[in-house]
Every structure is written in structure tokens, then in C-alpha cells.
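Before any comments, here is the structure.
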Amino acid sequence: MKSNLTLSCLALIASLLHAPAAQAVEFKQFQAAKSSLSFVYKQMNVPVDGQFKNFRARIAFDPAKPTAAKAEFEIDLASIDAGSKDANDEVAGKAWFDTKQFPVAKFVASSVKPLGNNRYEVAGKMSIKGKTQDLATPVTVSQQGDGASFDGSLVLKRADYAIGDGVWADFGTVANEIQIKFHLVATSK
Amino acid sequence: MPASTFQPASAYTRTAIGLHWLIAIALAGTFALGIYMPDLPLSPQKLKLYSWHKWAGVSIFLFVILRLVWRFGHRPPALPAGMPRWQVRLAEGTHHLLYLLMFAVPLSGWLMSSAKGFQTVWFGVLPLPDLLNKDKELGDALRQLHMLLNFSMAGLVLVHAAAAVKHHLIDRDDILARMLPFLAHSGAKK
């Protein structure tokens, strides 16, 4: 009888200990050094690669409860590498990002919809240069060990945010569509 | 029967003359654009000019291939018989170097563009492969090379043109006139 009780207690403790692992973990420690945010734009139909070096994310993602996931994303626009020094100086200016006035671009997710096969549609609000637009993007989540990576790509139209105003507003030289690729890593610990 | 047999050996074919002047004008224009555009402040116009410069370079490269192929099938007329040996050598050497540079200049521009991270897309339609990865130092070195080759070519073109004028005005032979038939001296030495 006594040994039975001990056994049950041990079983209970064991199940409690295992419980968090048996349920899904939550990935919420953003790993900036392992993440990347790059883009491709076309000028005169020539694809040019660029990236942002500084960005932060607050991610809370539990694969068991994906619809409760939270994601917020901030990009330091001055950390851009748009392919050349000329371009970097140019895009910081008023016609493009106006980084003095609007140093940060921000995305706040408002809904996460599972699409199956570890794919989700994340929808939210993107704010750049004082303009806020609805934005939705598919995200593929892959887990490895205590980390998860969130990958996706989307097309952002620069005119929606008045990025590239004035003489640049015409899409003949710099195309409206900017292909954006993100790779975000978050760990559970 | 090859077309060359219809042409007297003392004349260039019309195709050869046409290609010579087409390439000469295109080279001069592309060279001038290449000198003008780098110091412009960044603007849509600058991006356009760079693209046009690159499209022109690729086009010239193709015309030079065409010209060389034509030249193999249609040998140029002989130089005047009385020319001193050293002048013949100098003329031939200049021609060979010019051909070499007409290939090397666009090639160096293409490689420079690749190394600077800008693919060349011919007329905005046909992407040329990037043979080099983006590499700032290599890009700067290739820029120097592109300039050096261009100024060498410009120097040789001046020598080439000065020689042609000298033949026309001093030697009074038909060297210039066979590339510019309307200049033919009446009763010029053949």
C-alpha cells in the first residue's frame, strides 16, 4: 500500500516534470544575430540585393496554440544596405525613408492563421514613414532543438508608404515592388 | 561563292565600312557617357544613363564580333606599296590592339558591374550572367582597369585617326578615302 502510494507519487512528479516538454514549448527569445532581413529591388530591371542590419522582434509562438502567437517587429531604417554607398545615402533622405523623421519601421501582427504543413498566414499592420498599411505574409516555421526559425517572403509596394517620392515616384527606373525575405530565429530559453 | 571575290582587293566592303563607322560612333558616344555619368548625383536619370552605357557596351561587343567574323571572310585591302616597313608594322599593331581593346573594354565593364553588385541586363530584358560575386575591392580594381583600357583605347584611336589624316593630307594616298569614299582624291595614288 505504502509502496503503491510512493509509486503513484513518483509517477505524478514524473508526469509533472515532463508536462512542459510533452506540451509544446513557446519560442520567445529573439535571436538577432541568427536572423536576417533582406530585400531585392529592381532598378532599370536589374535586380539589386539589399538588407537591413539592425532590427528587433518580439515573438511569442507556441506551436500548440499558433493563433495566440504574438509578433512585433522593428527595423532601424538607417541600418540599410541598399547595394552601394550612393544608394545608402540616397534612401536615408527625405524622398525615400526620411530616416531623421521616421527612423523605425514597425510591423505588429494581429492574427495568425494556420495554413497546414507548418505554414501560417500572419496578418498585421506595417508602419513606415508615418503610413500604416495592412500587410499579410505567409510564414514557414521550422523547429530545431530549442529554437524555431520563421521564414517568409512578401512583396511590398514602395508607393504604399511613399518610399521614393518626387523624381523617384515613377516606377520606370526603380520598380514599385520590393521583394522582402525574412529569416527570424527565436529560442525557447 | 564568297562575297569577297566580288570586291576589288583595293576596297573595303560596304559592310566593313558600315561596321567601322557604326562602332566608331558608338564607342565615342559610350566613352563620353562613361566620362560624364559617374560624377552625377544619384537620380533616376543617372540610373538610366548607367544602364544605357552598359547596353551600348554589350551591343558594341556583339558588333565587334560581327566585324571580326566579316573581316576573316573579307580581308582588308593592302596598304599602299610605298609605305615604309615601320609604318606598316605600326599601323597593323595599332589595328590589332584596337581590336583587342574593343573586346577588353566591354568585358572589363561587365566584370566591374558584376563585382560592384549590379548585374547587366541587356536592354532591360536579357540578363547577362554575373561571372564575379559582389566584392568592393575587386569592383574598385576593375573600375581602374576599365578606365585604363578606355584611355588606352582613346589614345590609340587618336593615333589611328591622326595617321589617317596624315595619309590623306601629306601622303595624299587613299587610306582615309577607302573608309570615307566621298573623300577620294581625284587621281589619287592607289
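Quick look at the values:
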quantity	calculated
Relative contact order of the stretch B:10-183, pairs being alpha-carbon contacts under 8 Å that are 6 or more residues apart, as %	22
Long-range lysine pairs (8 or more apart or interchain), the stretch B:10-183, Cα under 26 Å	12
Tensor-based shape of chain A (alpha-carbon gyration tensor, a/c under 1.5 rounded, otherwise prolate or oblate)	prolate
Length-normalised contact order for chain A - Cα pairs under 8 Å, 6+ apart - percent	24
Net charge dipole size for the protein assembly as shown [Lys, Arg +1 and Asp, Glu -1 on Cβ; Debye, nearest 20]	480
Förster radius 56 Å - calculated FRET efficiency between A:D170 and B:A78 (Cβ-Cβ, nearest 0.05)	0.50
Dipole moment magnitude, nearest 20 debye, the stretch B:1-156 about Cα centre, only Lys, Arg, Asp, Glu C-beta charged	280
Nearby lysines by direct alpha-carbon distance to A:K181 (threshold 18 angstrom, same-chain neighbours under 8 apart not counted)	A:K34, A:K42, A:K53, A:K106, A:K125, A:K157
Cα-based shape type of the protein assembly as shown, given that a ≥ b ≥ c are square roots of the gyration tensor eigenvalues and the cut on a/c is 1.5	prolate
Cβ-based exposure ranking for B:Y50, B:Y99, B:Y12, A:Y120, in which fewest neighbours within 10 Å come first	B:Y99, B:Y12, B:Y50, A:Y120
FRET efficiency estimate (nearest 0.05) - Cβ-Cβ, A:E177 to B:S152, R0 56 angstrom	0.85
Positive-pole candidate from A:G50, A:A60, A:N176, dipole of chain A, charges at beta carbon	A:A60
Length released on extending from A:N54 to A:V155, taking residue separation times 0.36 nm less the Cα-Cα span	34.3 nm
Partner aspartates and glutamates for A:K70 [C-alpha distance under 19 Å; skip if fewer than 8 residues away on the same chain]	A:E26, A:D62, A:E121, A:D134, A:D146, A:D151
Chain A: calculated mean residue ellipticity at 222 nm from DSSP helix runs of at least 4, using -39500 (n - 2.57)	-5000 deg cm²/dmol
Residue among B:W122, B:L138, B:L176 farthest towards the positive dipole end of the stretch B:10-183, charges placed on Cβ	B:L176
Cα shape, the stretch B:104-158, gyration tensor, a/c 1.5 rule	oblate
Eligible aspartates and glutamates near A:K94 by straight Cα distance, threshold 19 Å, same-chain separation 8 or greater	A:D76, A:D81, A:D86, A:D160, A:D165, A:D170
Whole-number percent relative contact order across the stretch B:14-72, with pairs defined as alpha carbons under 8 Å at least 6 apart	53
Assigned charges on the beta-carbon of Lys, Arg, Asp, Glu; chain A dipole about Cα centre (debye)	640
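Quick note: the coordinates plus some simple rules give every number you see, no bench work behind them. Worth saying up front: this structure is predicted, and the values here are computed from it rather than measured. For neighbour counting, all protein chains shown are included, and Cβ atoms are generated from backbone atoms with ideal geometry for every residue, glycine included.
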